[in-house]
Amino acid sequence: QVQLVESGGGLVQPGRSARLSCTASGRIFNLYFMGWYRQAPGKQRELVAGIFSGGSTSYLGSVKGRFTISRDDAKNTVYLQMDSLEPEDTAVYYCNVVHQGSNYWGQGTQVTVSS
């Protein structure tokens, strides 16, 4: 089993930055995929950014150039640096990892972009 603990988020003004962190713990061998999803009220959960164990990344089109995903394998941690935040980025953000063929989810952290 893998446990995920998220941190970061909160209330952020438009145009400002925020950083999310997610640390995995448990009996970990290789975190093949680490990523961030988000779900806004009334909308489906969507993949915001992901990073594979080899370092390749993928981004949702609307966040490209504004968000950066990175990982620190020594700490089993994935980060999401969010710059130039927009009100449309308001959502609950969920950490997701794939380990030994199984999906694990964090509890979610609220990001609200508002003046």
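Quick check: at a probe of 1.4 Å, how many percent of the accessible area of the chain sits on carbon and sulfur atoms? Don't jump to the answer; show the numbers that get you there.
Values: 2780 of 6050 Å².
Carbon-and-sulfur percentage of accessible area, whole number: 46.
Compute the Cα gyration tensor for the stretch 34-86, then decide on rounded, prolate or oblate, letting a ≥ b ≥ c be the square roots of its eigenvalues: rounded whenever a/c is under 1.5, prolate when a/b is larger than b/c in the other cases, and oblate in all that remain. Numbers along the way, then the final one.
Numbers: a/c = 2.00, a/b = 1.63, b/c = 1.23.
Prolate, since a/c reaches 1.5 and a/b exceeds b/c.
Projected label points at Ser7 and Asp73, each 7 Å from Cα along the beta carbon direction, are separated by 2.4 nanometres. Across the stretch 102-115, coupling constants 3J(HN,Hα) worked out from phi with the 6.51/-1.76/1.60 Karplus curve, θ = phi - 60°, read 10, 8, 10, 10, x, 7, x, 9, 7, 10, 10, 9, 7, 8 Hz, and Gly and Pro carry x.
With a 1.4 Å probe rolled over the protein heavy atoms of all chains, the accessible area of Glu88, Glu6 falls in the order Glu88, Glu6, largest first. Taking amide H as placed 1.01 Å from N in the peptide plane, Val12 has its amide H under 5 Å from the amide H of Thr112, Val113, Ser114, each at least 5 places away in sequence or on another chain.
Computed on the chain, with alpha-carbon pairs under 8 angstrom and 6+ residues apart, the relative contact order is 37 percent.
Would you work out if the stretch 56-108 is rounded, prolate or oblate? Take a ≥ b ≥ c from the square roots of the eigenvalues of the alpha-carbon gyration tensor; rounded if a/c is under 1.5, else prolate when a/b is larger than b/c, oblate otherwise.
Numbers: a/c = 2.04, a/b = 1.58, b/c = 1.29.
Taking the square roots of the gyration eigenvalues as a ≥ b ≥ c, the stretch 56-108 is prolate.
Working note: Karplus 6.51/-1.76/1.60 with θ = phi - 60° gives the stretch 87-95 the couplings x, 5, 7, 4, 4, 8, 9, 10, 7 Hz, where Gly and Pro are set to x.
Accessible area per residue was computed with a 1.4 Å probe on protein heavy atoms; Val113 scores about 10 Å². Using the Cβ-Cβ distance between Gln107 and Leu60 with R0 set to 30 Å, the FRET efficiency works out to roughly 0.90.
The values are calculated or read from the model by the stated rules, or taken from the named source; none is laboratory data. It should be emphasised that the depicted structure is a prediction, and the values quoted were computed from it without experimental measurement. Neighbour counts run over all protein chains shown; Cβ positions are idealised from the backbone, glycine included. Note: accessible area is taken over every heavy atom of the protein model, side chains too, but ligands, DNA and RNA are not part of it. Shrake-Rupley method; radii C 1.70, N 1.55, O 1.52, S 1.80 Å.
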